[in-house]
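Have a look at the structure below before the remarks.
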Amino acid sequence: MILRGCCGLSLLLFIAGASSARAADLTHTLAAMAGAHAGHVALYAKNLTTGEQVALDADQPVQTASVIKMTLMLQAFTQVKAGRLRLDQRLPLTRDNQVSGSGILNILNPGLDLTLHDAITLMMTLSDNTATNMVIDAVGLAPTNAMLARMGLKNTYFYKKVFKPAVGPLPADQPQFGLGKTTAREMAEVLESIYHCDLGDSALCHDMITIMRNQQDRDMLPRYLPTAAARDGLSPIADKIGSLDDVRNDVALVYTARGPVIISVFTWGNKDQSWTADNAAELLIGHLALAIVNAWSPNGLAIEVQ
């Protein structure tokens, strides 16, 4: 349909005004929820169909915890496309790479060989710290950070191996951020790049999203969203979480009935530092996600995921 003359212009202005009003209402709702939380909240969400956006301190540099592992996955697949790595190449499990925290590889016997694809899958779906260190050995942090710089991300950096001392010349702010640094907006841009397949290989991009749709911890952003699988048997939510004592983060591509939405939430300085499913920050992230989905897709999540 072609809009002509003053009537067409009026309609466009009405639509733009309605969209701005919706964004303002949603921002007000989210700000009230964040303001009632005993901790700090940074949030960025984007409706990839309409272009609508909401943000709360979205450009505040924050600790990533394990969310930064998403950038390592992207760089691994970038090197696979370039022919420098293969997803079926074998990575040895060594005692030096075995570290505590999330995952399963730290309790297995050294000497096991995994494919690069298996290690990435464990890194993303179980946030396996040992698998992450194995992928770092194969991919490298310098190429990962060079990729992030090329993407124009000025506040996103992957500093070191998990639970290993920082080595080499590093930015002076590494002690402040630990494993990684980002902003809610910039990590959303990483995920949007995967969704739009800026990599240029649809099969590899589909593989990355499929891995993330198998993410096993559903206590944060997916918490209050419908749990039924899409028709392909996978979750309609592709996400990566990150947690420290006073940090809870979740960044997700959510396939809604009205199109895909990216939601990026980082919390820190949280009063509740419990490691339970009812941690206050995890509950908050779930409620924030529900409010966004209800506003942008009243019919809920998608059954068909494209």
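Assess whether A45 counts as being at pLDDT 95 or above and loosely packed, with under 15 Cβ neighbours inside 10 Å. Quick ask: steps written out before the conclusion?
Working: at pLDDT 95 or above: yes; loosely packed, with under 15 Cβ neighbours inside 10 Å: no.
In short, no.
Which of (1) crowded, with 20+ Cβ neighbours inside 10 Å; (2) within 18 Å of the chain's Cα centre (by Cα); (3) within 16 Å of V190 (Cβ to Cβ) is the odd one out, the single condition N129 does not satisfy?
All conditions pass for N129, except number (3).
Could you list, in sequence order, the residues of region 62-98 that are under 24 Å from V251 (Cβ atoms), in contact with a strand residue (DSSP E or B) (Cβ under 6 Å, 6 or more places away or on another chain) and either loosely packed, with under 15 Cβ neighbours inside 10 Å or aliphatic (A, V, I, L, M) (or both)?
V62, A65, V67, I68, M70
Give the number of residues within region 117-126 that are in contact with a helix residue (DSSP H, G or I) (Cβ under 6 Å, 6 or more places away or on another chain) and over 14 Å from Q216 (Cβ atoms).
Count: 2.
Could you tell me how many of the residues in region 241-263 are farther than 17 Å from L225 by Cα, surrounded by 24 or more Cβ atoms within 10 Å (Cβ to Cβ) and small (G, A, S)?
Here the count works out to 1.
Considering only residues that are among the β-branched types (V, I, T) and either in contact (Cβ under 8 Å) with a residue 12 or more places away in the chain or buried (at least 18 other Cβ atoms within 10 Å of the Cβ) (or both), which ones fall in region 204-240?
I209, T210, I211, I237
Select from region 144-192 the residues that are under 19 Å from the mean Cα position of the chain (by Cα), at positive phi and without any contact (Cβ under 8 Å) to a residue 40 or more places away in the chain and list them in ascending order.
Hit for region 144-192 is G152, nothing else.
Can you tell me which residues in region 264-303 are among the polar types (S, T, N, Q) and under 28 Å from T49 (Cβ atoms)?
Just the residues of region 264-303 that are among the polar types (S, T, N, Q), to begin with: 264, 267, 270, 273-274, 276, 279, 294, 297, 299.
S264, T267, N294, S297, N299, listed by residue number.
The values are calculated or read from the model by the stated rules, or taken from the named source; none is laboratory data. The shown structure was predicted, so the numbers you read here are calculated from the model rather than taken from an experiment. Neighbour counts run over all protein chains shown; Cβ positions are idealised from the backbone, glycine included.
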